[in-house]
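Notes follow the structure.
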Amino acid sequence: MARRKKGRALDGVVLLDKPYGVSSNDALQQVRRLLNAQKAGHTGSLDPLATGLLPLCFGEATKLSSYLLSADKHYRVTASLAHETETGDIEGQATEYANVALPSPEWLHDLLTGFVGQLEQIPPMYSALKVDGKPLYAYARAGETVERAPRPVTVHALDLVSFDENTATMTLDVSVSGGTYVRTLVEDIARSWGGRAHVTALRRTGVGHLFAAGQTVALSQIASDCHDPDVPDGTALPAWLLPVSQLLAGWVHIDLDEAQASRIGMGQTLGGYPDLPAGSIRLNGPDGRVIGLGQHKPPNGLSPLRLFSRPLA
């Protein structure tokens with residue numbers, strides 16, 4: 001006899017404003033316990049020292065987590081231009097100090113334009129990227145340095161928010177492809193004029209089409225609501241537990257009738273779709289709810305890619 005899963009079978013998304021000093025997994029597990037949810041996952045880690053948007057997926061929404069891992073990310077980052085550290089942020093010991101004059105604001109603007117576009121980036125030693133099954137930070141903490149191959153990344157936008165010559169700090173708004181290390185980007189920018197830098201504050205403001213402004217909920221608010229005796233026990237859900245469709249807003253979608261949805265649900269490919277774009281496509285059932293993701297199967301097919309066990313709002 002199958003063991004019954006513990007917790008509630010919740011489907012939805014929480015746009016958490018992750019607090020400083022908490023790991024992404026710790027934040028996820030706290031919210032999971034507060035909601036008493038059976039299944040949960042996040043869409044890409046934020047460093048404990050970083051704050052901001054961390055989408056948390058529950059139930060069937062966890063099937064979409066991997067699709068947001070590679071989504072573009074948006075950050076506001078503040079950096080000290082005094083020295084580099086071993087970790088690239090304020091946690092590490094200073095390693096190299098700047099010994100050149102700071103650029104003027106006008107020169108800095110010009111320098112930043114050179115970092116917009118496709119770049120090659122060497123992952124930092126203090127990162128979760130695995131080599132031979134072991135995260136790089138484990139090697140770094142043991143005093144070892146591992147050879148890392150450069151990886152292609154894309155900087156979509158890089159805007160100077162503020163530059164203070166007196167405190168030797170700059171703040172940037174950054175839009176980058178998934179997998180970009182902002183700490184490394186900051187170091188590379190400073191090194192372009194012979195300087196050195198490290199991140200002092202990092203806040204994620206967007207993931208794909210999801211943005212923090214006006215949408216995120218604090219961990220303290222979740223805890224308060226879930227401990228409130230007036231919060232429903234499962235028949236209704238708090239407003240900050242968003243429908244799964246929130247993750248798919250803006251995606252290319254196809255509306256299926258009952259017969260088409262049934263065929264897709266059985267793993268069959270539908271014909272008559274010669275002009276579908278590459279990538280994942282949102283599939284809506286006859287009632288408008290999401291039944292899963294599909295993809296183009298050349299020359300004119302639509303095939304299932306990832307299906308939900310039940311239609312979702």
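The values are calculated or read from the model by the stated rules, or taken from the named source; none is laboratory data. From a predicted model like this one, the values you see are computed outputs, not experimental measurements. When we count neighbours, we look across all protein chains shown, and the Cβ atoms used for this are built from the backbone with ideal geometry, even at glycine. Note: accessible area is taken over every heavy atom of the protein model, side chains too, but ligands, DNA and RNA are not part of it. Shrake-Rupley method; radii C 1.70, N 1.55, O 1.52, S 1.80 Å.
Checking (i) 20.7; (ii) 17.9; (iii) 15.4 against the coordinates, the calculated mean projected area of the Cα convex hull in nm² falls under label (i). Per residue, the chain reaches -5000 deg cm²/dmol at 222 nm when only DSSP H runs of four or more residues are counted, each adding -39500 (n - 2.57). Highest mobility in the GNM of the chain, judged by mean-square fluctuation with C-alpha springs under 10 Å and restricted to 179, 133, 279, is found for 133. So, counting K/R as plus one and D/E as minus one, what does the shell of residues with Cβ under 13 Å around residue 162 add up to? Net charge in that neighbourhood comes out at -3.
Can you classify the range 77-190 as rounded, prolate or oblate using the Cα gyration tensor, where a ≥ b ≥ c are the square roots of its eigenvalues, rounded means a/c under 1.5, and otherwise it's prolate if a/b beats b/c and oblate if not?
Values: a/c = 2.47, a/b = 1.43, b/c = 1.73.
It is oblate, given that a/c is not under 1.5 and a/b is not larger than b/c.
Taking label positions 7 Å along the Cα-Cβ direction at both residue 137 and residue 289, the computed distance is 3.9 nm, reported to one decimal.
A simple spin-label model places the labels of residue 306 and residue 101 5.3 nm from each other, with each point 7 Å out along Cα-to-Cβ. With an a/c value of 1.5 or above and a/b larger than b/c for the gyration tensor axes a ≥ b ≥ c computed over the alpha-carbon atoms, the range 117-262 is described as prolate.
Among 156, 227, 42, the residue with the largest mean-square fluctuation in a Gaussian network model of the chain, with springs joining Cα atoms closer than 10 Å, is 227.
Quick one: of 18/134; 63/297; 39/297; 6/130; 73/130, which pairs are farther than 24 Å apart, Cα to Cα? Could the numbers behind the result be given before it?
On the way: 18/134 26 Å; 63/297 21 Å; 39/297 31 Å; 6/130 32 Å; 73/130 21 Å.
From 18/134; 63/297; 39/297; 6/130; 73/130, over 24 Å: 18/134; 39/297; 6/130.
Using a probe of 1.4 angstrom and keeping all protein chains present, the accessible surface of the chain works out to 50 square angstrom per residue. Once backbone amide H atoms are built at 1.01 Å from N, residue 39 has 10, 59 as its partners under 5 Å, excluding neighbours fewer than 5 places away on the same chain. Structural descriptor for the chain: relative contact order 20 percent, calculated from alpha carbon pairs under 8 angstrom and at least 6 residues apart.
Label-to-label distance, residue 91 versus residue 192, with points set 7 angstrom from Cα along the beta-carbon direction: 2.7 nm.
Here the 3J(HN,Hα) profile of the range 252-264, calculated from phi with Karplus coefficients 6.51, -1.76 and 1.60 at θ = phi - 60°, is 4, 9, 10, 8, 9, 7, 4, 5, 5, 4, 5, 5, 4 Hz, Gly and Pro shown as x.
For residue 288, neighbours were defined as the other residues whose beta-carbon sits under 15 Å from its Cβ, and their charges (Lys and Arg +1, Asp and Glu -1) total -1. At 1.4 Å probe size, with the rest of the protein present, what percent of the exposed accessible area of the chain is carbon and sulfur atoms? C and S fraction of accessible area: 50 percent.
Which is the longest stretch in the chain that no exposed loop site breaks, taking sites as GluC sites (Glu not before Pro) with a DSSP loop state and at most 11 other Cβ atoms within 10 Å?
Details: sites that count: 144, 147.
Here the longest run is 148-313.
Select from 37, 249, 197 the residue whose mean-square fluctuation is largest in a Gaussian network model of the chain (Cα-Cα springs shorter than 10 Å). Checking each option, the largest mean-square fluctuation is seen for 249.
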